[in-house]
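A short write-up of the structure that comes next.
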Amino acid sequence: MSKKNELIQSVKGTRDLLPGETPLWQRVEEEARRVFEAYNFREIRTPILEQTALFARSVGSDTDIVTKEMYTFEDRDSESLTLRPEATASVVRAYIEHGLYNEGGVHKLYYFGPMFRRERPQKGRYRQFYQIGAEVLGSDHPTIDTEVLEMLVLLLERLGLKEFKLLLNSVGCPKCRPEYLKKLRHALDAVKTKLCTDCQRRAQTNPLRVLDCKVEADQPVIEKLPYILDHLCSECRQHFECVTGELDERGVAYEIVPRLVRGLDYYTRTTFEITSGLLGAQNAMLGGGRYDGLSEMLGGPPAPGFGFAIGQDRLVLTVEESAALKMKAPLAVYVAWMGEAAREPAVRLACQLRREGISTEISFQQMKLKKSLGIANKLQARHTIIIGEEEVASGHYQLKDMETGEQRAVDAVQLVAAIKEKLGETFQSGRAPSSQAK
Ligand code: AMP
């Protein structure tokens, strides 16, 4: 319990996104929406709170997420609830619960929002983090995998990113995986004493996850283990070859990484990650794959699926690191007024500008011109409109370009049009940062 008057701080692993940071977050979200909608995806919003069983059943009861990272609590009526650690399970639950499958065809859905995992916080790893994700439900066609990967690469390019790598693998299906797991278990039996204690446990409970181990000393042993890519059934092999073949056709570069298994149990066939060299230790910017049996696992009809989740915190970090987006001045217009007679026309003008969607600031009280210009500079206003008693009398206000310093008198009636023209199309909505990726 905190003592009275003691400063209350944010919860460890959570953070505030301050106004200096949010324009970049908004920009990333806007671009994601634009690209997803160009591929005919539609938004879905699901609750942050779900029944604990949803994740235990889908993500997997032996995964790190379920065993140690979930924020789970008993509600007042003893129901076990969990703050969602990811959203694919929720999207599939909603798809089943609302009978979307009855509409037939393929459902293409996207979402934004916070996720919660009790991990050890560090740069790029938080306990409340944000994901931008998309799911395609209702078909197991390999072209879906390819199209979604193409869409992701387009999004990253639109955000001006160049230094990223698409890593690809297949983890097989319930037909070929058991046979492979037998081989893997057998191989592990011979070497597991040389592995870390986590891997010794995984060798028993979830041997595939051993391949995902990051402990340096384990690597020489892991490199000699059998990989599932060499043990796929003919259907899975064909699926994988179709995906890689179509990626080649579309000019999407990728690297096949047979060790890539990912941390969630529901994946089948294609799995992938996109990493960025700009991220340091936590270099996975996004990940995803196919999950053909997930709907059945959650009590639904067969509904093959493919999807991904982008770590928005990491995406924003990468965009910042690469300085790929230039943000424009945050404010379009500052209205400086002097003398009581100027107050009303100034207030009316500010209101008119704001109604046009042009970001505008105006002082509450009158002040000297020099002080007003100082404030306009501090706010990084693109333009200042100066209205004194003389300007009111003449019906012509002064319009000052704060970048060039150029100043001219403009007929008050023409002023909004003049500002709009000066701001140009890209700045119509005032505060919107530049959409020009380099
Ligand atoms: P996953 O849902 O585990 O497949 O993760 C997908 C993406 O979410 C990762 O590639 C990360 O970019 C991001 N992510 C996962 N966990 C965290 C975390 N604790 N903090 C920040 N980003 C995360």
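A single member of Gln200, Gln128 is assigned by TED's automatic domain parsing to the domain that holds Asn283, out of contact with any Gly (no Cβ under 6 Å at 6 or more places or on another chain) and more than 30 Å from Arg250 (Cβ to Cβ), and it is Gln128. Scanning the range 327-379 for residues that are more than 23 Å from Ser394 (Cα to Cα), part of a loop (DSSP other than H, G, I, E, B) and touching a Ser or Thr at 6+ places or on another chain (Cβ under 9 Å) returns Met327, Lys328, Pro330, Gly357, Ile358, Ser359.
The residues of the range 280-305 that are in a loop (DSSP other than H, G, I, E, B), within 30 Å of Val319 (Cβ to Cβ) and either open to solvent by less than 30 Å² (accessible area, probe 1.4 Å) or not assigned by TED's automatic domain parsing to the domain that holds Val136 (or both) amount to a single one, Tyr291.
Considering the conditions (1) within 17 Å of the chain's Cα centre (by Cα); (2) open to solvent by 60 Å² or more (accessible area, probe 1.4 Å); (3) within 16 Å of the ligand (Cβ to nearest atom), Glu135 is excluded by exactly one of them, (2).
Listed by position, the helices (runs of 4 or more DSSP H) contained in the range 178-261 that have at least 3 residues being modelled with pLDDT under 95 and out of contact with any Ser or Thr (no Cβ under 8 Å at 6 or more places or on another chain) are 197-205, 219-223. If you go through the range 262-279 and pick out every residue that is assigned to a strand (DSSP E or B) and under 17 Å from the mean Cα position of the chain (by Cα), you end up with 5. Here is the figure for the range 102-111: residues that are open to solvent by 40 Å² or more (accessible area, probe 1.4 Å) and either at pLDDT 95 or above or among the polar types (S, T, N, Q) (or both) total 3. Counted as qualifying within the range 1-88 are the strands (runs of 3 or more DSSP E) with 1 or more residues that are open to solvent by 70 Å² or more (accessible area, probe 1.4 Å), namely 49-51, 71-74. The single residue among Arg93, Arg118 that is crowded, with 16+ Cβ neighbours inside 10 Å, assigned to a loop (DSSP other than H, G, I, E, B) and either away from the ligand (no atom under 15 Å from the Cβ) or of a type outside the set (A, V, I, L, M) (or both) turns out to be Arg118.
The values are calculated or read from the model by the stated rules, or taken from the named source; none is laboratory data. Everything numeric in this text was worked out from a predicted model, so none of it was measured. All Cβ positions, glycine included, derive from the backbone under ideal geometry; neighbour counts span all protein chains shown. Note: accessible area is taken over every heavy atom of the protein model, side chains too, but ligands, DNA and RNA are not part of it. Shrake-Rupley method; radii C 1.70, N 1.55, O 1.52, S 1.80 Å.
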